[in-house]
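The values are calculated or read from the model by the stated rules, or taken from the named source; none is laboratory data. This structure is a prediction, so every number in the text was calculated from the model and none was measured. Here the Cβ positions follow ideal geometry from the backbone for every residue, glycine too, while neighbour counts run over all protein chains shown. The accessibility values were calculated without ligands, DNA or RNA, using every heavy atom of the protein model including side chains. Shrake-Rupley method; radii C 1.70, N 1.55, O 1.52, S 1.80 Å.
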Amino acid sequence: MARKAVKLNISIEDLKLLEKWNKSEKIERRLHFRAQIIILCSQGKTNLEIAQELNISRFTVAKWRLRFYNEGIKGLYDIQRTDRKSVV
């Protein structure tokens with residue numbers, strides 16, 4: 001049995017920013033793509049519906065939905081990774 005996706009409560013300001021990212025040609029492609037996912041989530045679509053519409057994995061949709069749910073807009077940015085220590 002499939003799990004139920006978390007429902008997103010998106011503020012008007014966040015939705016406006018996401019729509020701006022979605023229309024912008026100067027924003028990084030990955031942020032544009034993540035904005036598309038969250039906008040579709042806000043429309044009440046399921047992860048599977050979004051995945052089929054964007055031709056991506058439903059797990060990718062679930063990842064960004066959950067990151068947005070937990071962290072808001074800042075969750076859509078890449079996580080800074082630490083450098084690997086060199087072995088001497």
**Q.** Accessible heavy-atom area order of L8, L66, highest first, probe of 1.4 Å
**A.** L66, L8
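Around E28, under 10 Å between beta carbons, what's the net of Lys plus Arg minus Asp minus Glu among the other residues?
On the way: positive: K26, R29, R30, R34; negative: D78.
Net charge in that neighbourhood comes out at +3.
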Q. For the pair V6 and Q52, what calculated FRET efficiency results from E = 1/(1 + (r/R0)^6), where r is the Cβ-Cβ distance and R0 = 22 Å, to the nearest 0.05?
A. 0.70
**Q.** Computed lengthening from N70 to L15, 0.36 nm per intervening residue step minus Cα-Cα distance
**A.** 18.2 nm
Q. Any idea what the dipole of the chain comes to, in debye rounded to 20, about its Cα centre with Lys/Arg Cβ at +1 and Asp/Glu Cβ at -1?
A. 280 debye
(Q) Of S24, F59, N9, which is farthest towards the positive pole of the chain's charge dipole, taken about the Cα centre with +1 and -1 on the beta-carbons of Lys, Arg and Asp, Glu respectively? (A) F59
Q: Starting at the first residue of the range 12-23, write each ³J(HN,Hα) from the Karplus equation 6.51 cos²θ - 1.76 cosθ + 1.60 with θ = phi - 60°, in whole Hz, x for Gly and Pro.
A: 4, 5, 5, 5, 5, 5, 4, 5, 5, 4, 5, 8
Q: Go through [x] 1.05; [y] 0.96; [z] 0.99 and flag the label whose value is the computed Rg/Rh (Cα atoms, Kirkwood Rh) for this structure.
A: [x]
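Based solely on its DSSP helices, what 222 nm [θ] is calculated for the chain when runs of n ≥ 4 H residues each add -39,500 (n - 2.57) and the sum is averaged over all residues, nearest 500 deg cm²/dmol? Mind showing how you got there, number by number?
Numbers: 4 runs with 48 residues, N = 88.
That calculation yields -17000 deg cm²/dmol at 222 nm.
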Q. Could you name the lysines in cross-link range of K74, using Cα to Cα under 17 Å and dropping any fewer than eight places away on the same chain?
A. K16, K20, K63
